[in-house]
Amino acid sequence: MSKYKTFNKEKETKSQGIHPVWRGIGLIINLVSPIISAAAAIVLVDFGKTQKWPFLASMSGTVTFPAVIYQIPWIRLAAIYISSIPYFEAMFLFFIIFLILFSSIFALVNALLYRMMGPPRYSPLDAPAPRTKTKRYTR
């Protein structure tokens, strides 16, 4: 054997990728966040109407689209439905705010759980060097 050949013949372990449970959790988060956000937006707009919030009065009308939108067949159906919803601007605004809020909270909880239960941070190949204090060399 040559001097530079290693004596350890360890097989490299291949990464299995992310565990399927974490993919399922991500799917649930992506499905549940918009549903919760829409429900929270509707409840908040209803609460704002009963409390007579002043900025909801400016968003109280319905949305109107340009005439070109109503000429396209499939988009026309969606535009007619959206323009029939009162307080749509306020609901959409609160939906976006709640979606960002709930998605960030769920992502933070998911990251904390993955950090606690997931694989170790470093493998033997990329572990940081040990911190050792060396004496200063003087002649």
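Return one number: the angle in degrees, 0 to 90 and rounded to the nearest 10, between the long axis of the Cα atoms of helix 88-117 and the longest principal axis of the Cα atoms of the chain.
Taking Cα atoms only, the helix is inclined about 20 degrees.
Using the count of nearby Cβ atoms within 10 Å as a rough guide to exposure, how do LEU77, LEU99 rank from fewest to most?
Least to most surrounded, the residues fall as LEU77, LEU99.
When the helix-only estimate is applied to the chain (DSSP H runs of n ≥ 4, each -39,500 (n - 2.57), divided by the residue count), what is the mean residue ellipticity at 222 nm, nearest 500 deg cm²/dmol?
Per the formula, -19000 deg cm²/dmol.
Comparing ALA127, ALA40, ALA111, which has the greatest mean-square fluctuation in the GNM of the chain with Cα pairs linked when under 10 Å apart?
Of ALA127, ALA40, ALA111, the Gaussian network model singles out ALA127 as fluctuating most.
Using alpha carbons only, what's the Rg to Rh ratio of the chain with Rh from Kirkwood?
Rg/Rh: 1.33.
Only sites in a loop by DSSP and with at most 15 other Cβ atoms within 10 Å count here; which chymotrypsin sites (Phe, Trp or Tyr not before Pro) in the stretch 65-139 make the cut?
The qualifying sites are TYR122, TYR137.
Defining a contact as two alpha carbons under 8 Å apart and six or more residues distant in sequence, what relative contact order in percent does the chain show?
Relative contact order comes out at 27 percent.
What is the angle, in °, between the Cα long axis of helix 73-83 and the longest principal axis of the Cα atoms in the chain? Nearest 10 is fine, range 0 to 90.
The angle comes out at about 80 degrees.
All of the numbers you see were taken from the coordinates with simple rules; none came from a lab. It should be emphasised that the depicted structure is a prediction, and the values quoted were computed from it without experimental measurement. We place every Cβ from the backbone using ideal geometry, glycine too, and count neighbours over all the protein chains shown.
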